[in-house]
Each structure stands twice: as structure tokens, then as C-alpha cells.
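The values are calculated or read from the model by the stated rules, or taken from the named source; none is laboratory data. If you're wondering where the values come from, they're calculated on a predicted model, not measured in any experiment. All Cβ positions, even for glycine, are placed from backbone atoms using ideal geometry, and neighbour counts span all protein chains on display. For the accessible areas, the whole protein counts, side chains as well, though only heavy atoms, and no ligand, DNA or RNA atoms are used. Shrake-Rupley method; radii C 1.70, N 1.55, O 1.52, S 1.80 Å.
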Amino acid sequence: MSMKLKTILVSGAAAIVAGGAFAQSESLEDRIAALEAMVVELKAELEAEREDIVRIEMRSEEAIQTVTGMRERSGFSVGDATLSFGGFVDFDAHVTSLSDGAFAPNSVTRDFYIPGATPIGGEETTTTDFTAEATRFFLDGSQDVGGKKVSGHIEMDFLLSAQGNQRVSNSYSPRLRRAYLDIDGKWRIGQEWSTFQNTSAIPESASFLILSDGMIFERQALLRYTNGPWQVALENGNATITSLDGSRIEADGNLVPDVIARYNHTGELGTVSFAAIARQLRLETGLIDEETFGWGVSASGRISVGEKDDIRFNLAGGEGLGRYIGLNAFNGAAIDPADGSLEAIASYGGLVAWRHPFGETARFNLGYSGLFADNPDFIGDAATKSVQSVYGAILWDVAPKVTLGTEIMAGVRELESGDDGNITRVTFSTKYAF
């Protein structure tokens, strides 16, 4: 309250108290007129103070918006570019039980689930592994070039390292995950998630990757153009071929890149994407120069259910999808022993996962995934016919950016002969994001 306002109130009170004493020399009308003048002055003072409060609140709101904007633009400047970095530290403990064999000591199959690698025909084994190889870091940069925004992203982790072992130092080398350049929000050039994949459909898990059987999962070099909800891309063409002896040939003789088109729809209930791919499957060796056509379609997304829950899914099918789905559980094509030609392998599958938050920071996840092949008759009984898995996981943010998780998954791989192998894995994880 201002000093002037206090003076007015005190004066008014004094006038009322003294009113009786001056009743003989001052009329009632004069006293009322004086009080009315005080009230008018008091209203003016209150209005002035209200305007001051409003101005202070406006300045406070401007300060809040400024701080918020600074947070959104957090980073540091190097010349004309703004750089920022982040990532997470990830520790995973796996207990893995296999019904028919074992994984090699330094195999990536010990770090995350690869459906086509589940062994068949061996002895039952159980192992425990600790790993921090999923730890990840990235660097972002952006600047204006000729009136257009240009930005870049580089991301690495330590999985699939060709260096290091578990004997002494566990010295694993970084590997490239993503490295791309964005131009004006329209063009993306470099190594990135395939346009055929909708990353919002990836289920939440305690392990590095879950439900990969029917999941579309691919990162590779590409050139992508985006216009509103539409995306068109040319992506690295590489075919995996089943040879005459059943082994895998990685054929890199493509003349035509893989062509992908995608439409993204975002609404109140979530996001859904529809994609189509056309690809050349070509094998060129000293004895064989053959090719065939591959294609596929997919629908995937994340749908909100209720106040907090969501359903994540993807469905896909086609001929010659190969490495684009199931972490290459099936190859794209097989060599026909009758004439040496290539025949695309048909496959279809998908996944569905439910995420249910509970408490303040915990959530429960449950899901199923499967992939099925329609192998050519000549391919033999040793070829993989199907891969399937289920999982359940609970994750809990025990502090800001610190997540604890526990998970159990079970998977099965079946051959054309009818033989199968099973995997069960329990995972405990701790992750800190920065």
C-alpha cells in the first residue's frame, strides 16, 4: 500500500472520529462532501496501483516466456552454428535361457533379441550377461544458410562393435547409428530410419529392442523429400539372397535404389502411417546375373486409448521385403536350383503393444509380434518358417531422467521341417538420459 493511500485512510478515520467535536461549527453536508472527495481520491489511488500490478505481471510473464524460449534453444554457438548434444547411459542385465543351443560369447544376440538367430537342435543353456553397450550419444547442429534452415544430426552407440571383448577392458568402439543433413525441413540426406518404418510404433521396453519379429526396422543411407504428410525416398538398395546350400548371400549389385512412398496422418487419437516399397533384388557373380522384383506395403502407428494408455502397432506384407522386417529373419529372395533364377520370398507379419501408465511415473507394457514366410518349395526344410514373441515390461522413473525397468520375453523360431527353438529372457535395466 502506498504512503499516499495510507494518508488518505488515516485522514478519513480522523475526520469521522472528530466529527462530533466539530458538529457545532461544521454542517453535516460539509462533512459528507469531504468524505466523498476522500473516496474519489482513494479509488484513483487503487486504480493506479492495480495498473502497476498488471504491468508487473506482464513483465513477469515476458520473463517466463524468455526463459522458456532459451530452454527450447539450449545449446552453444560455434561461429554461425548452434550446437547441442545429449544421449543416455544404459546398463542392462540379461538372464537368457535357450531350449536348443547357445549364443557365442561376444555375439550381439546376447545384447538384444534377434528372432532369426534363436538356435535349434542343440542343448539347453542359461546365461547371465551385463552390458552397457547400448549407451548412446548424439550431436545436433543448425544454422541459416541463404535464408534456409540447415541442420545436422550425428548419433552413435557401442552395440555391434567389432572391437573389444569381455576378458579385461570391454573396450567397445562406437558405431554409426544416424548421420543426416536437413535442408529447410523438406530434404533429408544421409543415414536415417527408413521411410518404410514408423518409429512411433516401436514398443517401450527395458531392453534395447523388443518384439522385433514383425517389426519394420531399418536404418540406411537415403535421400528423402517431405511435403506435408507425404514422403518420398530413394534408399540404399541391398538384397539378401538364400543360396543353393541355404546360406545367406549379401548381394550388393543393385542398379536401382529402393523406392519408398509414405503418407502420415496425425489426429486427436494419435498417428498412423501408410507406406509402400518397390525394390530390385539383384545377384551378380561370376556364374549368376539374375534379378527379380520386390514390393511391400505397411500400416503402422500409435493410437491413444483412454486418458493415458496407447496401442502401438505395425502390419506389413509383400514379396522380397527381406531385411526390412524381422531384422532379416527371412531373406529377400532365393536361388532356384532348376535354372538359377531368383524368386522373391513372400512374408507377412506385424506387432501390437499396449502401454498403460500407472502411479505417478510408472508404466506397464505388454505385446505380441510375429512374422511368417511363404517359402518357395525348393528352399528346403532348414529354412525359417516363422518367428514369434511376447513380452511384458514395467518401467519406473525413480527420478527425473532416471528410469528403472524389468522385463520378461519369450520367443520361438520354427523351421519348414517343423523343428523349433525357444528363447526366454529376463532383463533388468537402468537408464539415465542427459
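Of the conditions (1) among the charged types (D, E, K, R); (2) open to solvent by 20 Å² or more (accessible area, probe 1.4 Å); (3) on the phi < 0 side of the Ramachandran plot, Arg425 clears all except one; give me its number.
(2)
For region 260-277, enumerate the residues that are aliphatic (A, V, I, L, M), surrounded by fewer than 17 Cβ atoms within 10 Å (Cβ to Cβ) and in a strand (DSSP E or B).
Of everything in region 260-277, those that are aliphatic (A, V, I, L, M), surrounded by fewer than 17 Cβ atoms within 10 Å (Cβ to Cβ) and in a strand (DSSP E or B) turn out to be Ala261, Ala276.
Assuming Leu244 fulfils every condition listed in (1) open to solvent by 20 Å² or more (accessible area, probe 1.4 Å); (2) farther than 25 Å from Ala299 by Cβ; (3) in contact with an Asp or Glu (Cβ under 8 Å, 6 or more places away or on another chain); (4) of a type in the set (A, V, I, L, M) apart from one, which condition is it?
(3)
With the condition kept exactly as written, say whether any residue in region 300-311 is within 19 Å of Ala344 (Cβ to Cβ) and touching a Phe, Trp or Tyr at 6+ places or on another chain (Cβ under 9 Å).
Within region 300-311, the first condition is being within 19 Å of Ala344 (Cβ to Cβ), and the residues that meet it are none.
Looking for residues that are within 19 Å of Ala344 (Cβ to Cβ) and touching a Phe, Trp or Tyr at 6+ places or on another chain (Cβ under 9 Å), one finds none in region 300-311, hence no.
Being in contact with a Gly (Cβ under 7 Å, 6 or more places away or on another chain) and within 24 Å of Ser200 (Cα to Cα) is the filter here; which residues of region 280-309 pass it?
Those that are in contact with a Gly (Cβ under 7 Å, 6 or more places away or on another chain) and within 24 Å of Ser200 (Cα to Cα): Trp295, Gly296, Val297, Gly301, Arg302, Ile303, Ser304.
In region 313-358, what count of residues is obtained for those that are under 23 Å from Gly270 (Cβ atoms) and open to solvent by 20 Å² or more (accessible area, probe 1.4 Å)?
Count: 8.
Just checking: which of the strands (runs of 3 or more DSSP E) contained wholly in region 316-434 hold 1 or more residues that are within 26 Å of the chain's Cα centre (by Cα)?
Where strands (runs of 3 or more DSSP E) fall fully within region 316-434 and carry at least 1 residues being within 26 Å of the chain's Cα centre (by Cα), they are 346-358, 362-374, 384-399, 402-415, 420-433.
Residues Ala299, Ala276, Ala261: which one is at pLDDT 95 or above, of a type outside the set (Phe, Trp, Tyr) and over 20 Å from Gly326 (Cβ atoms)?
None of the other options fit; the residue is Ala261.
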